[in-house]
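Note sheet for the following structure.
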Amino acid sequence: MESFHGTTILSVRRDGRVALGGDGQVTLGNIVVKATAKKIRRLYHDRVLAGFAGATADAFTLFERFEAKLEKHQGHLVRSAVELAKDWRADRVLRRLEAMLAIADRSASLIVTGNGDVLEPELGIVAIGSGGAYAQAAARAADAQHARRDGHRPRSARRRRRHLHLHESRIDDRGAGAAVSRPARHPADASSAHDERRVYDVLVAGAGLPGLAAAAALARTGLAVAIVDRAPICAEVVAEPEWDLRVYAISPGSAAFLGALGAWQALPLSRIAPVEAMDVAGDAGGRVTFDAYQLGERALAWIVEERELRSALVAAVHAAGVDVLAAAPFARLTFAPEHAELALDDGRRVEARLVVGADGLRSWIRHAAGIVAAPSPYGQRGVVAHFTTEAEHRGIAHQWFLGQDGVLAWLPLPGRRMSIVWSAPDALAAELVAMPAADLARRVEIAGARTLGTLAPLVPAAAFPLAYLRLPAVVAHRLALVGDAAHGVHPLAGQGVNLGFGDAAELARAAAARGPVTDAGSPALLARYACRRAEPVLAMQAATDGLARLFGLDRGWLRTLRNAGMATVERIPALKRALAQPALR
């Protein structure tokens, strides 16, 4: 018996808006039996549009499956699409379904197929079904006509010097995971006389968390923004993921900033743990505690995995209309009176009125701009690992100053799990990382006075070097630095990424208040940014560096004095609140 089939679905994205429609036609074999079918559904609180082409009954099954994925992943379109594609490919029943889905929300337009593919077509145009080719051609023609009417050149792949291709998720037969790659929107190569040379308002160089946040925030102020990185800029999606070893303590101020970008609410609640209290112990009986309730906060911080933050920020970057240029190593940075130009290793050259250096502690951009400052090593490494715990942590973070053995922090993860950051001297760090996992768990138990009972290893340990960086300036001609490219701090307060988000927020705030100033690289705007970031960065650096060095000195009288100081802080609530405020921003 022949199946009922729906035909054409078309989705077009332009100027930050997306539309998705269908032709209403349903066929039985070669006979048109209906021309008024509704092939489009609004899903997940009307935030997602979905349309089908193929067998009608099969499409209803897929709609239900996809909506369940959206509910599970809090509306995260890419993750939900990948999870559906994996089920579709792996399930013996689903594999027989004859349908294809077109889905879209504010951030992305995708095609999902039964082959396990999640495809994102060029130019924001999605067309599926028997009439898809004709619909796509008509949409491209309309797009070109609209562009000409507005005085712009058509967005052709030839002019933009890119191939028309589909980006697909790679899901192996084992279902190990997938990385969804967004199509990069490249400005024209200046070496071609036939191509348009585009000058961006802002080019963000470096796609770490602060760089992604800066790009999204600046684009939301109305500036034309591009972001470039040596590695692909994509959201990593994995099946039944292990806990990412890289976790961050996100302050309330940073959470509010990420929420304004639409990234915070995209994080899965099951992967976030609030820090509701903190217990800090000295190396000779001193102790100071901080409580979120007493400070008037829902939480002192939230522990979030880097992978989840990155996924949410990549989506925010695309939703803000940022042009993504990756993967491309940096080759040369030059400055002219009216712009800066970054030459990439693949031959492209990108101009911008402002370059934002966000490429880490040993920033290539910073060095190329002539700001020469080498990070000062602490002679310590941060040893990180995850463990399951015998006792409930109750949302309490712990920190122990261990004298010559450095600083040990325990951070709560969801459930009976916790993460450690042990800022240990290089020799001790090497010893800890080389230990068998069970032996390391025992060592961490003992160092933490068995506060959470028996520990069991969850994720193998790793270590990273610790360094301090203080720059003479974080701005220069046509340049602003953010994140670790602008400053390096000791991790004992967990504030490195929060300082980076603060940089991104302040730079965007300066851009949003630019008034009649149209030049994003204006000295006045850069001076405003540098001035407003100087005090909070200096205060945090002074506190973290001072504490790290103070507790690293092994002198009896000094040990007594510093622990007495902790006891004094614990007895004076006003002083405790004053010390806590910078970490809450």
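The values are calculated or read from the model by the stated rules, or taken from the named source; none is laboratory data. Since we're looking at a predicted model, the values are computed, not measured. Neighbour counts are summed over all protein chains in view; Cβ atoms, including those assigned to glycine, are modelled from backbone coordinates with ideal geometry. With ligands, DNA and RNA removed, areas are computed over all heavy atoms of the protein, side chains included. Shrake-Rupley method; radii C 1.70, N 1.55, O 1.52, S 1.80 Å.
The table that follows gives values for the structure above.
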| quantity | calculated |
| --- | --- |
| Heavy-atom accessible surface of the range 454-585: percent carbon and sulfur, 1.4 Å | 65 percent |
| Compactness of the range 433-480 - radius of gyration and Dmax, Cα, Å | 19.4, 55 |
| Debye equation applied to the C-alpha atoms of the range 487-535, log10 I(q)/I(0) at 0.17, 0.21, 0.25 Å⁻¹ | -0.54, -0.72, -0.90 |
| Spin-label pair Phe464/Ala434, simplified geometry with 7 Å Cα→Cβ offset, distance in nm | 2.4 nm |
| Rounded, prolate or oblate (a/c below 1.5 giving rounded, otherwise prolate when a/b exceeds b/c) for the range 230-317 by Cα gyration tensor | prolate |
| Ratio of Rg to Rh over the range 368-450 (Cα coordinates, Kirkwood Rh, two decimals) | 1.09 |
| Two-site label geometry, Val199 and Arg14: point separation in nm, points 7 Å out along Cα→Cβ | 2.8 nm |
| Highest-first arrangement of 437-450, 405-418, where packing means the average Cβ count within 10 Å | 405-418, 437-450 |
| Label-to-label distance, nm, for residues given as Glu392 and Glu306 (7 Å Cα→Cβ offset) | 3.2 nm |
| Whole-percent carbon and sulfur share, accessible surface of the range 335-381, 1.4 Å | 48 percent |
| Solvent-accessible heavy-atom area per residue, rounded to whole Å², over the range 254-311 at 1.4 Å | 39 Å² |
| Bins of 5 Å from zero: percent of alpha-carbon pairs in the range 303-447 | 2, 7, 12, 13, 12, 12, 11, 11, 10, 7, 3, 1, 0 |
| Relative contact order %, the range 443-498, counting alpha carbon pairs below 8 Å whose residues are six or more apart | 25 percent |
| Contour minus Cα-Cα distance for Ala524 and Gln265 (0.36 nm per residue) | 89.9 nm |
| Per residue, in Å², the accessible surface of the range 499-585 once ligands and nucleic acids are set aside, probe 1.4 Å | 50 Å² |
